[in-house]
1. Do we find a residue being of a type outside the set (Val, Ile, Thr) and at pLDDT below 85 anywhere in region 324-344?
2. Would you please name the residue that is farthest from the ligand (Cβ to nearest atom), looking only at residues in region 147-179 that are part of a strand (DSSP E or B) and touching a Gly at 6+ places or on another chain (Cβ under 8 Å)?
3. Every residue in region 146-183 that is of a type in the set (Ser, Thr, Tyr) and in contact (Cβ under 8 Å) with a residue 40 or more places away in the chain, please.
4. Given the conditions (1) surrounded by fewer than 21 Cβ atoms within 10 Å (Cβ to Cβ); (2) within 16 Å of the ligand (Cβ to nearest atom), report the number of the one that Glu286 does not fulfil.
5. Could you tell me whether Ala83 is at pLDDT 70 or above, farther than 20 Å from Arg56 by Cβ, buried (at least 18 other Cβ atoms within 10 Å of the Cβ) and of a type in the set (A, V, I, L, M)?
6. Return the pair list, or none, for Cβ contacts closer than 8 Å from residues in region 93-121 that are closer than 13 Å to Leu46 by Cα and at pLDDT 90 or above to residues that are assigned to a strand (DSSP E or B) and hydroxyl-bearing (Ser, Thr, Tyr), at least 6 apart or on different chains.
7. Here are Val265, Val218: which of them is of a type in the set (Val, Ile, Thr), more than 16 Å from the ligand (Cβ to nearest atom) and modelled with pLDDT of 60 or more?
8. Determine whether region 40-61 contains at least one residue that is part of a loop (DSSP other than H, G, I, E, B) and at pLDDT below 80.
Amino acid sequence: MILPRVWRLTAILVVCGMAWGAARGGEALVVSRGAALPSSLRYALLNDVARRLEARVVSDTGAGTFSIEREGRRVVVVPGVGAALVGSRVVVLSREVVARYGRVYVPRSVVGEIERYLRGREPEPAPEKPTPVPSVRRGVGADRLVRRVCIDPGHGGKDPGAVSRWGLREKDVVLSLSRRLASELRSRGFEVVMTRTSDVFIELNDRPAIAARRGADVFVSIHANACSRPSVDGVEIFHCDGRYDPVAMAAAARSAGRGPDAEDVGGPVGLNAGGSQAVLEMLFEEYHRESRLLSSSLERSFVRSGRRVHSTRTAGYRVLRLAEMPAVLVEVGFLTNRADERRLRTSSFQQQTVRAIASGMEAFRDAVVRTHGYSR
Ligand SMILES: [Zn+2]
């Protein structure tokens, strides 16, 4: 029997629930960092908060999370992260949660809220338009899994990006390439949405949000490179470094989650994944795994088309971290390299570039169908 992607994600949620249950018996274990204790004016010991509530701190060493659970309510924090999961809400903190000498400290400013919530004095807020997982609305069927591509031409408007010594502006060349890429992908059966189709400025947070709102299955940001050494040339491909960033997600959710068509496709994950940190981490792990697959497909395709690939690696770029889907950033050539710069101005080179990207996208689509989108 063939299971569509929707069912597979449902299975992930069930596994997450089981993993959470298994982690509940764990003991708090924090690696000491050999630094000064945080100020007791600013920080409270998580264990003290738990003791006042007659509860206990539970650690999940695998996920690196610490939680207090009381009567079915749960607060989760992660050392080094400036956010807490209070029930199903991501609360952005004034400062990071800190771990020192085996103990976890939370900013005092959030203690009151944690206690009120865990004592049950604050009603559980109804999630806005709850959707189990954002991918649920994506199409099912072999040719619909990687169906809609969001192309994100970098920079624009007041932000020119890199500018070559000879006057070529990154924002212009990537827009031209992105338009060509859109028609190339459409001719190969993909649907295409774009974050911009003209010379306008778009905030970084909004770019992945546009992709999510418009139901894209995959996100490709197009840029042109610059380097202090003029001899460096070739293509660079980046995918996300795999860190899930609740603070950035919360900020993006605030700025983008209430768009007019947000309910059509689900807003940013932070609003609608049921609020479970474990679920979010699992979803992002899946997106990041597929992002790696996409970047290696693109690399192979560029090499086949005779292009030099300078590197394929991870990066913490915000457009990649915030994308709720497989996402890559392609630097199509170096504006600081005379040969790359000259070629990037020509339509033949631009066309060769977009054909390589489109072929890599096709290979990715086939690989997703073959290995990930379906199970037997
Ligand atoms: Zn750029």
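The values are calculated or read from the model by the stated rules, or taken from the named source; none is laboratory data. These numbers were taken from a predicted model, which means no experiment stands behind them. Here the Cβ is made from the backbone with ideal geometry for all residues, glycine too, and neighbour counts use every protein chain on show.
1. Yes.
2. Restricting attention to region 147-179, the residues satisfying the condition of being part of a strand (DSSP E or B) are 148-153, 156, 159, 163, 169.
Checking which are touching a Gly at 6+ places or on another chain (Cβ under 8 Å) leaves us with 148, 169.
On the way: Arg148: 24, Arg169: 11 Å.
So, considering only residues that are part of a strand (DSSP E or B) and touching a Gly at 6+ places or on another chain (Cβ under 8 Å), the one farthest from the ligand (Cβ to nearest atom) is Arg148.
3. Selection gives Ser164, Ser176, Ser178.
4. Failed condition: (2).
5. Considered against the rule, which asks whether it is at pLDDT 70 or above, farther than 20 Å from Arg56 by Cβ, buried (at least 18 other Cβ atoms within 10 Å of the Cβ) and of a type in the set (A, V, I, L, M), Ala83 comes out as yes.
6. Pairs found: Tyr105/Tyr43; Val106/Tyr43; Pro107/Tyr43; Arg108/Tyr43.
7. Working: Val265 fails: modelled with pLDDT of 60 or more.
Matching residue, one of Val265, Val218: Val218.
8. Looking for residues that are part of a loop (DSSP other than H, G, I, E, B) and at pLDDT below 80, one finds at least one in region 40-61, hence yes.
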